[in-house]
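The values are calculated or read from the model by the stated rules, or taken from the named source; none is laboratory data. This is a predicted model, so every value here is computed, not measured. Every residue, glycine among them, receives a Cβ derived from its backbone with ideal geometry; neighbour counts consider all protein chains shown.
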Amino acid sequence: MKDLIGDLDFIEPSTANEQQPALTKKDGSRKLYIESYGCQMNFSDSEIVASILSKEGFETTQRIEEADIVFLNTCSIREKAEQTVRNRLQHINGLKRQKPELLVGVLGCMAERLKSRFLEEERIVDLVAGPDAYRDLPALIGQVDEGQKAVNTFLSREETYADISPVRLNSNGVTAFVSIMRGCDNMCSFCVVPFTRGRERSRSPYTIVEEARQLFQQGYREVTLLGQNVDSYKWSPQENNKARLEKAGHSETVNFAELLEMVARVHPDLRVRFSTSHPKDITEQVLETMARYENICKYIHLPAQSGSTTVLDRMNRGYSREWYLYKVEAIRRILGEECGLSSDIITGFCGETEEEHFDTLSLMDKVEFDFSYMFMYSERPGTPAEKKFRDDVDPEVKKRRLEEIIRRQSIHSLGRNQRDVGKTFRVLIEGESKRSADFLQGRNSANKVVVFPRGNNGKGEYVNVLIEDCTGATLIGKTV
Ligand code: 5AD
Ligand code: SF4
């Protein structure tokens, strides 16, 4: 079940590693420990935080016991995500009792949502910084050193951290995330993100391409371009920069399809993925660009949220069931049956009837997603849904519907994987299989995990694997 109640936005916490070069000890080498919760964007932001603080002489550590500073980069998307952070703070409170000088900071969406209230609610917290305030962290830490509590939850219309070269944390050295935009302007009624991450803004394509190029040179072989809604990526040179950019030949407005192409051209051996696409905005230009470049992976995460047009209306998603199915048809037409397709689905949204729930099950049957992240609706304070609707679906009903959806998805995942048995895929090796050191694992273009005997192969190489068997979550085969 854990595999299926996916947790794109609720991955197990990760910790910073120690792979950075020795840092200048300007700060007396205080050690920083960062734990990330929630979506990939948070994990990517933690790498920006590590980079900003490494310039100030802070070393990152993977061991919380030796840390002088502990940051939790938090998620607000569902109540459960916030509760996990609060429980973690309780534990950290124990550490702080033994080491009173330990600086505890809360970053990310929960920091933005609760602002200085956090300091009252959780007394062990010394520092609160929202997603656009990370450049201010050295100053905020300075403030805490002087005996004050520190808060910055200012949301920016411009900040993209474009010039910051992330310190890769917990990296496998093969795949990396590259943030291409921040914020979200969509206002889906259930979602807290527009309030915690602010207005949408796109990062300069030239800094994105440069980051991808550097990653390739360092041996990385896959980048995932990250944004809340990548299809609304749009960058144009700012007035004050226009002349300088024009001189460098960079004066054009760039949309997402064009950005994809620019990144795909960095090197044919650098795979490109992206997340998240929005059914209302994804264009045929994007699909055609994907079709043109072998190294743009044939996989789209296209959250449906619901299969019922009336629910989608209440969710303010901006598309109907028919529109969604039309987009899926375009994907299959342009990219073929093998293109991987996954979804996010919410059960028990305000007013959801049994019939509307069946519409979601029937949409799933029509599309046959390879994978879905499935959630019970969790009301979030301040969202349009909280203001407009009642969270009136009984928790037991939400849970039963979630179970039905999970069961349906398992059937589809297995069915889609079974169709791959007998086929050969190009797989990028990411490392050892979790189960056995005798096996390696990687993913095919459609984002399916492929496991095979090690042979003489190693991380970062491409191999062709003939699929001989599968489960609902994994393809199993041998290199050919
Ligand atoms: N309750 C449950 N799930 C939510 N998501 C976003 N907000 C909520 C909420 N209030 C889900 C959506 C989104 C994914 C990242 O999290 O499915 O696509
Ligand atoms: Fe939330 Fe909708 Fe924006 Fe996704 S697109 S972050 S669900 S408001």
Flag if residue 456 is in contact with a Lys or Arg (Cβ under 8 Å, 6 or more places away or on another chain) and surrounded by fewer than 17 Cβ atoms within 10 Å (Cβ to Cβ): no
Checking residue 202 against (1) farther than 24 Å from residue 82 by Cβ; (2) surrounded by fewer than 19 Cβ atoms within 10 Å (Cβ to Cβ), which single condition isn't satisfied? (2)
Filter segment 339-368 for residues that are more than 16 Å from ligand 2 (Cβ to nearest atom), over 17 Å from residue 323 (Cβ atoms) and among the hydrophobic types (A, V, I, L, M, F, W, C); the one that is surrounded by the fewest Cβ atoms within 10 Å (Cβ to Cβ) is 358
Residue list for segment 338-360, restricted to those being in contact with a strand residue (DSSP E or B) (Cβ under 7 Å, 6 or more places away or on another chain) and within 30 Å of residue 294 (Cβ to Cβ): 339, 340, 341, 342, 343, 344
Residue that is farthest from the chain's Cα centre (by Cα), among those in segment 181-204 that are of a type in the set (Gly, Ala, Ser) and away from ligand 1 (no atom under 11 Å from the Cβ): 204
May I ask you to list the residues in segment 151-161 that are touching a strand residue (DSSP E or B) at 6+ places or on another chain (Cβ under 9 Å) and in a loop (DSSP other than H, G, I, E, B)? 153, 156, 157, 158, 159, 160, 161
For segment 283-336, list the helices (runs of 4 or more DSSP H) that sit wholly inside it and hold at least 3 residues that are assigned by TED's automatic domain parsing to the domain that holds residue 355, under 24 Å from the mean Cα position of the chain (by Cα) and under 16 Å from residue 367 (Cα atoms); which are they? 321-335
Of the residues in segment 205-246 that are within 21 Å of the chain's Cα centre (by Cα) and of a type in the set (Ser, Thr, Tyr), the one that is surrounded by the most Cβ atoms within 10 Å (Cβ to Cβ) is 233
Of the residues that make up segment 379-401, is at least one in contact (Cβ under 8 Å) with a residue 60 or more places away in the chain and touching a strand residue (DSSP E or B) at 6+ places or on another chain (Cβ under 9 Å)? no
Might you let me know whether segment 120-131 holds any residue that is touching a residue at least 24 places away in the same chain (Cβ under 8 Å), assigned to a helix (DSSP H, G or I), surrounded by fewer than 16 Cβ atoms within 10 Å (Cβ to Cβ) and not small (Gly, Ala, Ser)? no
In segment 186-239, what count of residues is obtained for those that are in a loop (DSSP other than H, G, I, E, B) and more than 9 Å from ligand 2 (Cβ to nearest atom)? 13
Lone unmet requirement of (1) within 16 Å of ligand 2 (Cβ to nearest atom); (2) surrounded by fewer than 21 Cβ atoms within 10 Å (Cβ to Cβ); (3) not acidic (Asp, Glu) for residue 253: (1)
Of 322, 329, the only residue that is free of Cβ contacts under 8 Å to residues at least 12 places away in the same chain and either away from ligand 2 (no atom under 12 Å from the Cβ) or buried (at least 21 other Cβ atoms within 10 Å of the Cβ) (or both) is 329
Quick one: which of 401, 380, 390 is within 16 Å of ligand 1 (Cβ to nearest atom), assigned by TED's automatic domain parsing to the domain that holds residue 303, farther than 30 Å from residue 445 by Cβ and touching a His at 6+ places or on another chain (Cβ under 7 Å)? 401
Could you tell me whether residue 371 is in contact (Cβ under 8 Å) with a residue 24 or more places away in the chain and either more than 30 Å from residue 113 (Cα to Cα) or not polar (S, T, N, Q) (or both)? yes
Can you confirm whether segment 423-440 contains a residue that is under 13 Å from residue 475 (Cβ atoms), surrounded by fewer than 14 Cβ atoms within 10 Å (Cβ to Cβ) and either in the same structural domain as residue 315 (by TED's automatic domain parsing) or at pLDDT 95 or above (or both)? yes
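Here is a yes/no grid of residues against (1) assigned to a loop (DSSP other than H, G, I, E, B); (2) touching a strand residue (DSSP E or B) at 6+ places or on another chain (Cβ under 9 Å):
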{"residue": "135", "(1), (2)": "no, no"}
{"residue": "139", "(1), (2)": "no, yes"}
{"residue": "143", "(1), (2)": "no, yes"}
{"residue": "147", "(1), (2)": "yes, no"}
{"residue": "164", "(1), (2)": "yes, no"}
Residue in segment 402-417 that is surrounded by the most Cβ atoms within 10 Å (Cβ to Cβ), counting only those that are free of Cβ contacts under 8 Å to residues at least 40 places away in the same chain and either farther than 30 Å from residue 467 by Cβ or not acidic (Asp, Glu) (or both): 411
